[in-house]
1. Fewest to most neighbouring Cβ within 10 Å: what's the order for LEU19, LEU136, LEU72?
2. With +1 assigned to the C-beta of every Lys and Arg and -1 to the C-beta of every Asp and Glu, and no other charges, what is the dipole magnitude of the chain about the Cα centre in debye, to the nearest 20?
3. Okay, helix-only estimate at 222 nm for the chain: each DSSP H run of n ≥ 4 adds -39500 (n - 2.57), divide by all residues, round to 500 deg cm²/dmol; what do you get?
4. Quick one: of LYS34/LYS152; LYS121/LYS147; LYS40/LYS92; LYS126/LYS155, which pairs are farther than 27 Å apart, Cα to Cα?
5. log₁₀ I(q)/I(0) of segment 102-156 at q = 0.17, 0.20, 0.25, 0.26 Å⁻¹, via Debye over equal Cα point scatterers, no solvent, to two decimals?
Amino acid sequence: MVRCKSSSRFFSIKNAVILTQTDTTVGFLSQDAKKLFEIKSRDTLKPFIKVYKDFKTLLKHKNRIPQHQKNLVRRSKKTTFIVDNKAFRVTKNTLNSKLLENLTWYYSTSANESGKNFNRKFCEEKADIIVEDINLLNEYSSSSLIKINNCKKRKLR
């Protein structure tokens, strides 16, 4: 099920905030980081995770990954990596949504107010588009967080 607040047929998905079940938990997705900062009331110095639809797209966007860590990133599931203070994740879209299929990347954050738990009413008010399947929206554990560089990797979460 997809619900959209806009009455226009030509609503720009690039500026929209999408509420959906991600591979880990319920999340807000958007290519507009400013809107996500406003919704979350978050410090602008704390960046969002950038999610790519596949490993090729990650490399096309000029992201540097240490050579001996590429297999780790390519084969990982439900894992966020930090390289040079940039957080990213490669994920397969778990929903068979045509809406999300065309996005090659987007910023991702958990669907809640900063420091609080998931509140469906809050999320529905803030999202432009809501995408959910028969399983509805469920809050699960967040992704693992690993910082990698040329020499080592360190698990942060």
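1. Working: LEU19 21, LEU136 10, LEU72 15.
Ranked by crowding around the Cβ, least crowded first: LEU136, LEU72, LEU19.
2. Values: 34 positive and 14 negative charges, 187 e Å.
For the chain, the charge dipole is close to 900 debye.
3. On the way: 5 runs with 31 residues, N = 157.
Only helices count here, giving -4500 deg cm²/dmol.
4. Numbers: LYS34/LYS152 33 Å; LYS121/LYS147 34 Å; LYS40/LYS92 25 Å; LYS126/LYS155 32 Å.
In this structure, LYS34/LYS152; LYS121/LYS147; LYS126/LYS155 lie more than 27 Å apart at Cα.
5. -0.78, -0.95, -1.18, -1.22
Taken together, the values in this text are just the output of simple stated rules run on the coordinates, not laboratory data. These numbers come from a predicted model, not from an experiment. Glycine also receives a Cβ, built like all others from the backbone with ideal geometry; neighbour counts cover every protein chain displayed.
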